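The values are calculated or read from the model by the stated rules, or taken from the named source; none is laboratory data. Bear in mind the structure is a predicted one, so any value in this text is a computation, not a measurement. We place every Cβ from the backbone using ideal geometry, glycine too, and count neighbours over all the protein chains shown. Just so you know, the surface numbers come from the protein's heavy atoms only, side chains and all, with ligands and any DNA or RNA stripped out. Shrake-Rupley method; radii C 1.70, N 1.55, O 1.52, S 1.80 Å.
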Amino acid sequence: MSEKKNIAILGSTGSIGTQALDVIRANKDSFTVEVLTGNGNADLLIKQAIEFDPNTVVIADEIKYQYVKDALASHDIKVFAGKKAIAEVVQMDSIDTVLAAIVGYAGLESTLSAINAGKQIALANKETLVVAGDLVTKLAKEKGVNLYPVDSEHSAIFQCLAGEFHNPIEKIYLTASGGPFRGKDKTFLSTVKKEQALKHPNWEMGAKITIDSASLMNKGLEVIEAKWLFGLKPEQIDVIVHPQSIVHSIVQFTDGSMKAQMGLPDMKLPIQYAIGYPNRMKSDFPRFDFIKYPQLTFEPADTKTFRNLALAFEAMNKGGNAPCVLNAANEIAVAAFLKDKIGFLQMSDVVEKCLQTVAHIAKPSYADYVETDKETRRIAEELI
Ligand code: NAD
Ligand code: MG
């Protein structure tokens, strides 16, 4: 076995994908890039392919296939296009770890396919677990696949659990920055525009997750993600707002002891931990300075104003296909908000209405999830 880990990066042109390549660039002795995939930004995908020389590149958007193929003609790199191709190439023998960093429901199929082939997963795509957490975790167990969390809160919990995997968790606290509208009321929120919502105080991320962070849906999705990753009951998961984003999350054990993981907000750290596990690799990321942070503060989340978080808890408690409905409705609502078609508060209206309307399925199959996603999108589009 080679010492280097061979990585496939799904969504390499995104915020997580590009930061993962930064980590790999700084650790060339530890990793090789086997596969890169992108969707819209063909030029960046080409540039990445020329720099990292992967075995295979996939452009999800089939219209751009010839463009990418021509640009890489003089390189020894295979080029494919389309969603199906992503789900196929992740099964290549030469891949050790798949970094799932596609955004939204679109990442589900390829992640399942990689697990089916026994690949270790570094999971950024939280929607995968929100939509079909039961199927994904069951399949991972069957195939002996570990899901290494990339989401900073879940990486924090995972880091706190190192050496404690046999010890029962009493509860976990997921920290939330509160986003750009922390402390605001509904009157204020009814007027906000996407430009304001896209300005996150602590993190630079893709557009969808940035809107989710402003509406607290991101924390709602993370609660459901945590339930599946750590095998918790809903009542064991709490959310606490921590505006400085230094404490990334907290585990409370059965003896009452609490462990937290801390550091400056920088996604490169959880990405590096997930793909480098079990090793902590040296890094030159900026270090935390206590003098610059005289106070770390904590406050409860305002679920009356930010209804998405309450809706996510509701969907988690209901179970079955409810979180899948929540996710699909939210994806449509966020896309509509980004096109100025609906206001900020209406995003929660769309999600709530879909949760009430779509038929509940207690034990969904994969086909049920696909159908639920489709049906919810149809209803949400109609509402908009
Ligand atoms: P992004 O929008 O910056 O990047 C998304 C990537 O997915 C791009 O490479 C894009 O080309 C690709 N993609 C989009 N639609 C696709 C489709 N239909 N088919 C195939 N590929 C497609 O998003 P991001 O911020 O990097 O987030 C990626 C995932 O990681 C999300 O699930 C997000 O919730 C999660 N995450 C992100 C951060 C962060 O800091 N950005 C933190 C925690 C978790
Ligand atoms: Mg997070």
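Counting only helices (runs of 4 or more DSSP H) wholly contained in region 305-384, the ones carrying 3 or more residues that are in contact with a Gly (Cβ under 9 Å, 6 or more places away or on another chain) occupy 307-318, 322-338. Within region 9-52, the residues that satisfy the criterion of being among the hydrophobic types (A, V, I, L, M, F, W, C), within 13 Å of ligand 1 (Cβ to nearest atom) and assigned to a strand (DSSP E or B) are Ile9, Leu10, Val35, Leu36.
Which of the strands (runs of 3 or more DSSP E) contained wholly in region 71-154 include at least 1 residues that are within 16 Å of ligand 2 (Cβ to nearest atom) and closer than 18 Å to Gly11 by Cα? Before the answer, list the steps.
Values: elements: 78-81, 97-100, 120-123, 147-149.
Counting at least 1 such residues, we get 97-100, 120-123, 147-149.
Residues of region 131-146 include none that is polar (S, T, N, Q) and surrounded by 24 or more Cβ atoms within 10 Å (Cβ to Cβ). Here Ile291 qualifies as open to solvent by 60 Å² or more (accessible area, probe 1.4 Å), over 29 Å from Asn317 (Cα atoms) and part of a helix (DSSP H, G or I). Residue count for region 328-339 under the criterion of being in contact with a helix residue (DSSP H, G or I) (Cβ under 7 Å, 6 or more places away or on another chain) and either assigned by TED's automatic domain parsing to the domain that holds Ile209 or open to solvent by 10 Å² or more (accessible area, probe 1.4 Å) (or both): the result is 3. Filtered by the rule that a residue be open to solvent by 10 Å² or more (accessible area, probe 1.4 Å), of a type in the set (A, V, I, L, M, F, W, C) and out of contact with any Leu (no Cβ under 6 Å at 6 or more places or on another chain), region 102-130 gives Val103, Ala106, Leu112, Ala117, Ala124.
Does region 227-269 hold any residues that are surrounded by 16 or more Cβ atoms within 10 Å (Cβ to Cβ), farther than 27 Å from Pro323 by Cα and basic (Lys, Arg), and which are they? Selection gives Lys259 alone.
The listed residues are Thr37, Thr18, and the only one of them that is surrounded by fewer than 24 Cβ atoms within 10 Å (Cβ to Cβ), under 17 Å from the mean Cα position of the chain (by Cα) and under 26 Å from Val130 (Cα atoms) turns out to be Thr18. Criterion applied to Ile50, Ile7, Ile46, Ile16 was being touching a strand residue (DSSP E or B) at 6+ places or on another chain (Cβ under 7 Å) and aliphatic (A, V, I, L, M), and the one residue passing it is Ile7. Taken over region 96-116, the criterion of being aliphatic (A, V, I, L, M) and in contact with a helix residue (DSSP H, G or I) (Cβ under 8 Å, 6 or more places away or on another chain) is satisfied by Val98, Leu99, Ala100, Ala101, Ile102, Val103, Ala106, Leu108, Leu112, Ile115.
Of all residues in region 194-218 being more than 12 Å from ligand 2 (Cβ to nearest atom), without any contact (Cβ under 8 Å) to a residue 40 or more places away in the chain and not in a helix (DSSP H, G or I), which is farthest from Gly343 (Cα to Cα)? Looking at residues that are more than 12 Å from ligand 2 (Cβ to nearest atom), without any contact (Cβ under 8 Å) to a residue 40 or more places away in the chain and not in a helix (DSSP H, G or I), I get Lys199. Within region 159-192, the set of residues being of a type in the set (A, V, I, L, M, F, W, C), part of a helix (DSSP H, G or I) and touching a residue at least 60 places away in the same chain (Cβ under 8 Å) comprises Cys160, Leu161, Leu189.
Which condition breaks for Ala214 when tested against (1) open to solvent by less than 30 Å² (accessible area, probe 1.4 Å); (2) of a type outside the set (Phe, Trp, Tyr); (3) closer than 20 Å to Ser348 by Cα; (4) in contact with a Lys or Arg (Cβ under 8 Å, 6 or more places away or on another chain)? (4) is the only condition that Ala214 fails.
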